[in-house]
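Encoded as structure tokens, the structure appears first; notes follow it.
Here, each number is a calculation from the coordinates, and none is a lab measurement. Predicted model only: the values in this text are computed from it and were never measured. Glycine gets a Cβ as well: all are built from the backbone with ideal geometry, and neighbour counts include every protein chain shown.
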Ligand SMILES: *Cc1c(COP(=O)(O)O)cnc(C)c1O
């Protein structure tokens, strides 16, 4: 990072200032957005490497440009390592991010107009799982399953009856805001009963699947698993599609030339590195620690009276109804916590009566805090701060005091890839 800052000091000081500002922001606050993380310094280095100069349309051994000796090496490494980490037969590491990754699967395995059974958005599903505002929502017919209002858990009886009624071609599991693992065998049985393919979008929790802290959908015979490479996997921003060998050709053609042009080889190099780290024993410890931190945070918040969706968590996140707990909406909660340097995101809850920009809850996750080395007792401290702030969101004097405590606390946990001495620049 130092060289980068030095270079910018010469050529573009306003950009350098913004970069230093972001480094300082990331170091001095506690990041609890469940989809964020701090990547490896080696990933930052590979993203800024000369692999960014190279066009490599096609796949290893079958490219449309010359000069591919090293791009073929890194793409094969990324594919082989991803297959080993997830126990998959085939991997495509070219999707530019999570959204085109899912689009490539739908467009490669289905026909426009086909039916997909996926999780309802307000119950935790992702935009790319058929939101009416997304292009995919217009191109395919999405049927949505929900969670049981009594327990907050996915209602498998409803999943089965929707499948019988609508006969989907694809049963899609995965979520962006749901604090539990899933019964993949039950989903597979639903899909088999109507002859549908099975896919899970593990973008949020792939790190825990890789590290053995959550179930692997391939163990239940799933056909396709997609995941972003950022989020809990700690890699660069990108997408990975894992699938059975007999679907490989359709998936690969769908990514390129179906949907995309040249792959981002700097990202693919960084994915290869990320997969090496995900296979190490230390990553198993990390994944288990992410979950134990989420459980510790949830336990203390509930002790203090918080209303958590499903009454707890068995993954890396919790979803709190701030409206029922503290009488404030998710935006007010997000803003009050932000003022103390604690970053969460506002979140719609199942069948939320409030609009998305003023929803009833927040989503809180532990992958980034765990990467910094925060542990179970730190989560208890964090829960106490959060509770005090959310109880008194307008007490700006007290919130400013907590912000100082948070900064002091964060100084014990350096962010990988950020050299604290760089932060003295321009300050
Ligand atoms: C984050 C996410 C995506 C989209 O990833 P982008 O890189 O933001 O396009 C897709 N699906 C799920 C479940 C996600 O959590």
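For the reader, a short list of remarks on this structure follows.
- For the pair the stretch 253-277 / the stretch 1-50, the C-alpha centres are spaced 22 Å from each other.
- Radius, Kirkwood style, for the stretch 125-243 when every pair of distinct Cα atoms is counted (Å): 14.9 Å
- Placing dummy labels 7 Å off each Cα toward the beta-carbon, the span from residue 12 to residue 53 is 1.8 nm.
- Gyration tensor (alpha-carbon) shape descriptor, the chain, a/c threshold 1.5: oblate
- Inter-label distance, nm, simple model (7 Å from Cα along the C-beta direction), residue 288/residue 377: 2.0 nm
- Take each peptide in 258-266, 121-129, 8-16, count the other Cβ atoms within 10 Å of every residue, and average; sorted highest first, the result is 121-129, 258-266, 8-16.
- 167, 237 arranged by Cβ crowding within 10 Å, fewest neighbours leading: 167, 237
- Rounded Å value of the spacing that divides the Cα centres of the stretch 313-333 and the stretch 86-100: 32 Å
- Here the label points at residue 76 and residue 384, each 7 Å from Cα along the C-beta direction, are separated by 5.6 nm in the simple model.
- Here the contact order of the chain, divided by its residue count and restricted to Cα pairs under 8 Å and six or more residues apart, works out to 24 percent.
- Extension gain, residue 423 to residue 391, is 8.2 nm, computed as 0.36 nm per intervening residue step minus the present C-alpha separation.
- Taking a point 7 Å from the Cα of residue 354 along the Cα-to-Cβ direction, the residues of the stretch 310-330 with backbone N closer than 20 Å to it are 310-312, 318-330.
- As a ratio to 2.2 N^0.38 Å, the alpha-carbon radius of gyration computed for the stretch 289-418 takes the value 1.00.
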